[in-house]
Each structure stands twice: as structure tokens, then as C-alpha cells.
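Notes to accompany the following structure.
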Amino acid sequence: MNMKLTTFFLFLFFINTGFSQDYDITSKLYGTYEKYKEEKLDKRRIKHHEIQPLIAKHAANPLFTVTKVGESIEGRDLKLISIGTGDTNVFLWSQMHGDEPTATQAIFDIFNFLASNGFKSEKQEILSNLTLHFLPMLNPDGAERYQRRNLLGVDINRDALRLQSPESKTLKRVRDSLEADFGFNLHDQSTYYNAERTEKPATISYLAPAFNYEKDINETRANAMKIIVFMNNIIQKYAPGQVGRYNDDFEPRAFGDNIQKWGTSTILIESGGYSNDVEKQEIRKLNYVSILSAFYTIAEENYKEIPIEEYSKIPENDRKLFDLKITNATYHLLDKAYKLDIGINRLEVDKKENTDFWYSSRILELGDLSTYYGYKTLDATDYTIKQGKVYPNELHNMDDINQINAIDLLKQGYTYLRVARLPLEKLESPIPMNIIGSTYKVPEFLLQIGINPTFLLEKDGKPEYAVINGFLLDLNTGEGVFNNAMIYR
């Protein structure tokens, strides 16, 4: 279905269910997003100290109330930011996993929106009917290290019963003090999730968590399902087919399941992958639009008209995406030729201070990958996998690589450069060739799971494609996305 048809049918959905005004508002929210985006947060690896000036800015606005509600293990403040005068309490918390920051950024975009002069009637509708409470970056110690767990090594999202961690105790105490009617549990998920049986990434995934093993549906959970259906239809306008639904098996230790059980209609939102959006800025925008739209439908209470049967029609999450999928490549082993598909992922390695990263890629799967998908897929029929050679001229230091035309050397079959003096702090090669030290011996190439994907694809004995640290380059055109290669000492 093309984009125009998708938009048309969505419009019919909103007309037939009384949401045409909401549809129009959503379009405006999306179109004006750049006016409200918090520009000081433009990378995923944000830290606690970076959001404090932003919280202070909004604390100075009489519309907002900022309250310290706890501390992390290392003593970082946990603050609740509230706005609105309505009787319905909506509670949002983000980044209980320290390496899941997309929604934290979106929350500060939402603050800018609520503090602005735009959308006056819509904001009046929201803020007069709702009181919104935000607890951004629940796990600041984990965020500091860009890791899932807190400093104790505990997964906060599995600590709802024992409440071992101060962050967990804070979340429970705030939820109970608010007796929140609605809760938004905001996370990131792997970019390798796809919408079931499709090649499309699960850009956003939802769940109305179960509150018991039987997966019963009471009014509390049903309301969460209805709002998810509403938000799904919003996302379909901008990322058609790119929404997934989490498995709803009951997890008795999880906060989402328990908060649902405690009487708060709980909506899990997971930010996944989107093509060419490494820093998840488009997904951040989708969070902003869909959450604000959800506020509006909660304020108007027209979500109640949505049939919950629509919830189960959202495709389930699957995990069958690779960064690069190569199909039908010929591989020679012990004098025999085999046809193989190759699934490659580019794995992030954090740099010092956990503010940036580089890639160390791996082959994740081999064989028949016909039920898998790739952000990028190459049909390598008639191409043969070959190991690249070491360029015979050793370079003196890293500065000398600026004189190298990497594409020309790749065309000649070279994938490795030898450099005599390698700086100890340098971990990644800035050019699409792996760099090796003076004494490093490149191992014999054996295609297998777990190895770094660096090889050539030849046709009629001529290299036409290079895979360097999992990045695919077309040697005829020079086209391809590249970030870094490897350094071996």
C-alpha cells in the first residue's frame, strides 16, 4: 500500500471513530516539531548533568512544579516534573535502563511544547483535564556508563517486588503517591526487532502489560489497549507497517506488569530501529507526536470509543533483522563451492566516558536466511567471497593513511594496511580498510559465526563489492555507508 492510500485509510478510520480532529492535530504536531525540539540533546548518550540545566529552566516557569523525589545509588537527584491542573493523573517515566534514552529526549521536547505559546486550545484541553507527571532518567548511574542496569547491577525493571534499589523505591513511591490513572513506561528496544513476518523494523513497539498469568483484561488494562490502538494509528501515518506488539506473558517482577496490577492503565512504549537513524532522532520525534496525541485523547476521553479488538491486530514483535544481509554468495571450502546467506550486525563499542562509540561488527548467522531481513540486502548471486590481501607497502604512521585511496586498493584486492607506529588510544580505522601493526599476522579466512565480516565479493575474478567491518561498499561507484574499520595490533 502506498503512502497516499495509507493516509487516506487512516483518515477514514479517524472520521468513522470520531477522531478526525485528533488526526489534524497530529499532522500539525509532526509538521511543527522542529520548533519545540530540545536542541541541546541531540545524541543518545546523554548524561544526568546535561539535563539538569533544562530541568532548571522549566522549574523557573510557574506552569511547572519540580520536586526532588529521590536519589540514585551514586547520589544523583531524581526529579519529578509536573504540569497541569486536571483531575486525571498521567505519570511518565523514562530510562529505567540507562542505555535507553530516546524517550528522555522526547520528554524535554514535550516540555518545550507545553511551555510555548503555540497550540493554545489543545494545550488548554490537555492541562485543564490532566495533570502530567514526568520522571525522566530514572537510572542516571546507568546512563553515565551507558549500560542497562544500575550501579548495583540490578535491572530496575525486574525490581518491582523486592525494591532493592533506591531508584526502584522512588518509582514505586511516586506511583503510589499520585495514584496515577495512566502510566507511560518508556524504553528503547533493539534495532533488530521487526514487525512479524515483514522486512520492516519495529520502529515503535507497544504493550499493555498483563497483570496476572491468565492475561485477564479488566477496565484498567483495556483502557491501555485502547490508547495503544490510537497511538498505533498515529505512527502508521509516519512509519507505515513499522509498529510491533510485545508478547504479553506476565512477568511478576516487572514494574509495568505490577503498575497495571496496582490500578494504573500502563502503556509500554519501546523505541526500536528506523533506517538511517542511528541516533534515533526520527524515532524521538515519533515519541513526541504519539505521546502528545495520547494526552489529547485521554483529556477528551474519546479513546473509550476504540474497540480493544484492534489491539490484537497489531503485528507481534519478531527479531529477524540484520544490519546487512547478503544472499546467495558463493563460498569455497575444501575445494567445494557452497551457496550461503550471511547475516551481519554492526555492534556498538563505547568510547571512553561513554559519550560516543565505534563499531566492531560480527557475522551473526549463516546458511538459509530466507526468513530473515536486512536494513540493507545484497543479492550476491554470481559473486564469490574472497579474503582480502595485505597491502605490501608498510606505512610509517597513521598520518600516512591520508595519502591512501582506499577504494583503489580495494579494487586491487587489498583490505588490510600495515602501519608501523600505531597510537595506543586509537581503536578504529577511519578509512574502509582494516589497519594492522608491524608484526600482526592476518589469520586465514574461514567464514563462520562470530568473526569480523571483512571480505571481498568478486565477479569474474574482479572485486566489485567490499565488506569492511560489516559495511558494504560498491567498488564500481564508490557508494556505501561507512563508519569505521578495525585496528589490529
**Prompt:** Going through the stretch 168-207 one residue at a time, which ones are open to solvent by 10 Å² or more (accessible area, probe 1.4 Å), out of contact with any Leu (no Cβ under 6 Å at 6 or more places or on another chain) and in a loop (DSSP other than H, G, I, E, B)?
**Reply:** Glu179, Asp181, Gln189, Ser190, Thr191, Tyr193, Glu196, Arg197, Thr198, Glu199, Lys200
**Prompt:** Just for the stretch 430-465: of the residues that are of a type in the set (D, E, K, R) and out of contact with any strand residue (DSSP E or B) (no Cβ under 8 Å at 6 or more places or on another chain), which one is surrounded by the fewest Cβ atoms within 10 Å (Cβ to Cβ)?
**Reply:** Glu444
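Filter the stretch 301-324 down to the residues that are in a helix (DSSP H, G or I) and within 28 Å of the chain's Cα centre (by Cα), then identify the one that is surrounded by the most Cβ atoms within 10 Å (Cβ to Cβ).
Of all residues in the stretch 301-324, those in a helix (DSSP H, G or I) come to 302-305, 308-313.
Now narrow it down to the ones that are within 28 Å of the chain's Cα centre (by Cα): 303, 308-313.
Details: Tyr303: 25, Ile308: 16, Glu309: 9, Glu310: 17, Tyr311: 23, Ser312: 11, Lys313: 9.
Per the stated criteria, the residue is Tyr303.
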**Message:** Suppose we keep only residues that are surrounded by fewer than 13 Cβ atoms within 10 Å (Cβ to Cβ) and of a type in the set (Gly, Ala, Ser) within the stretch 35-63. Which one would you say is nearest to Glu348 (Cα to Cα)?
**Reply:** Ala56
**Request:** Hey, could you check the stretch 414-429 for residues that are among the hydrophobic types (A, V, I, L, M, F, W, C), open to solvent by 40 Å² or more (accessible area, probe 1.4 Å) and in contact with a strand residue (DSSP E or B) (Cβ under 9 Å, 6 or more places away or on another chain) and say which is nearest to Ala466 (Cα to Cα)?
**Result:** Leu427
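Please verify whether Thr377 is hydroxyl-bearing (Ser, Thr, Tyr), surrounded by 13 or more Cβ atoms within 10 Å (Cβ to Cβ) and under 29 Å from the mean Cα position of the chain (by Cα), treating the condition exactly as stated.
Details: hydroxyl-bearing (Ser, Thr, Tyr): yes; surrounded by 13 or more Cβ atoms within 10 Å (Cβ to Cβ): yes; under 29 Å from the mean Cα position of the chain (by Cα): yes.
It is true that Thr377 is hydroxyl-bearing (Ser, Thr, Tyr), surrounded by 13 or more Cβ atoms within 10 Å (Cβ to Cβ) and under 29 Å from the mean Cα position of the chain (by Cα).
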**Message:** Could you list, ordered by first residue, the pairs with Cβ atoms under 7 Å in which the first is in the stretch 162-174 and under 17 Å from Phe91 (Cβ atoms) and the second is among the hydroxyl-bearing types (Ser, Thr, Tyr), at least 6 apart or interchain?
**Reply:** Glu167/Ser72
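Residues are listed down the side, and each one gets a yes or a no for (1) over 28 Å from Glu167 (Cα atoms); (2) in contact (Cβ under 8 Å) with a residue 12 or more places away in the chain; (3) not in a helix (DSSP H, G or I):
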position: Asp257; (1), (2), (3): no, yes, no
position: Gly263; (1), (2), (3): no, yes, yes
position: Ile269; (1), (2), (3): no, yes, yes
position: Ala294; (1), (2), (3): no, yes, no
position: Ala299; (1), (2), (3): yes, yes, no
position: Ile326; (1), (2), (3): yes, yes, yes
**Prompt:** Just to be sure, is Lys285 part of a helix (DSSP H, G or I), open to solvent by 20 Å² or more (accessible area, probe 1.4 Å) and under 14 Å from Phe182 (Cα atoms)?
**Reply:** no
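Can you report the number of residues in the stretch 347-367 which are over 19 Å from Lys426 (Cα atoms) and open to solvent by 50 Å² or more (accessible area, probe 1.4 Å)? Give the derivation first.
Within the stretch 347-367, the subset over 19 Å from Lys426 (Cα atoms) is 362-367.
Still in the list and also open to solvent by 50 Å² or more (accessible area, probe 1.4 Å): 362, 364-365.
So the answer is 3.
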**Message:** Arg319 - would you say it is over 30 Å from Phe119 (Cα atoms) and touching a residue at least 12 places away in the same chain (Cβ under 8 Å)?
**Reply:** yes
**Complete:** Here the qualifying pairs (Cβ atoms under 9 Å; residues six or more apart or on different chains; first in the stretch 385-411 and under 30 Å from Asp335 (Cα atoms) and open to solvent by 30 Å² or more (accessible area, probe 1.4 Å); second at pLDDT 95 or above and in a helix (DSSP H, G or I)) come out as Tyr391/Leu409
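Has the stretch 45-64 got any residue that is of a type in the set (Gly, Ala, Ser) and touching a strand residue (DSSP E or B) at 6+ places or on another chain (Cβ under 7 Å)? Working first, answer last.
If we filter the stretch 45-64 for residues that are of a type in the set (Gly, Ala, Ser), which is where we start, we get 56, 59-60.
From what's left, touching a strand residue (DSSP E or B) at 6+ places or on another chain (Cβ under 7 Å): 59.
Within the stretch 45-64, one or more residues are of a type in the set (Gly, Ala, Ser) and touching a strand residue (DSSP E or B) at 6+ places or on another chain (Cβ under 7 Å).
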**Request:** Output the qualifying pairs, or none if there are none: Cβ atoms under 8 angstrom, residues six or more apart or on different chains, first residue in the stretch 423-450 and more than 16 Å from Lys389 (Cβ to Cβ), second residue of a type in the set (Ser, Thr, Tyr) and open to solvent by 40 Å² or more (accessible area, probe 1.4 Å).
**Result:** Gly437/Tyr488
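For residues that are among the β-branched types (Val, Ile, Thr) and in contact with a Lys or Arg (Cβ under 9 Å, 6 or more places away or on another chain), scanning just the stretch 220-230, find the one that is surrounded by the most Cβ atoms within 10 Å (Cβ to Cβ).
Applying the filter and picking the extreme gives Ile228.
Return yes when Ile217 is under 23 Å from the mean Cα position of the chain (by Cα), among the β-branched types (Val, Ile, Thr) and either within 30 Å of Lys320 (Cα to Cα) or surrounded by fewer than 22 Cβ atoms within 10 Å (Cβ to Cβ) (or both) and no when it is not.
Details: under 23 Å from the mean Cα position of the chain (by Cα): no; among the β-branched types (Val, Ile, Thr): yes; either within 30 Å of Lys320 (Cα to Cα) or surrounded by fewer than 22 Cβ atoms within 10 Å (Cβ to Cβ) (or both): yes.
No.
The values are calculated or read from the model by the stated rules, or taken from the named source; none is laboratory data. All values derive from a computational prediction rather than experimental measurement. Quick reminder, even Gly has a Cβ in these numbers, built from the backbone with ideal geometry, and neighbours come from all protein chains shown. Side chains are part of the model used for accessible areas, which takes the heavy atoms of the whole protein and leaves out ligands, DNA and RNA. Shrake-Rupley method; radii C 1.70, N 1.55, O 1.52, S 1.80 Å.
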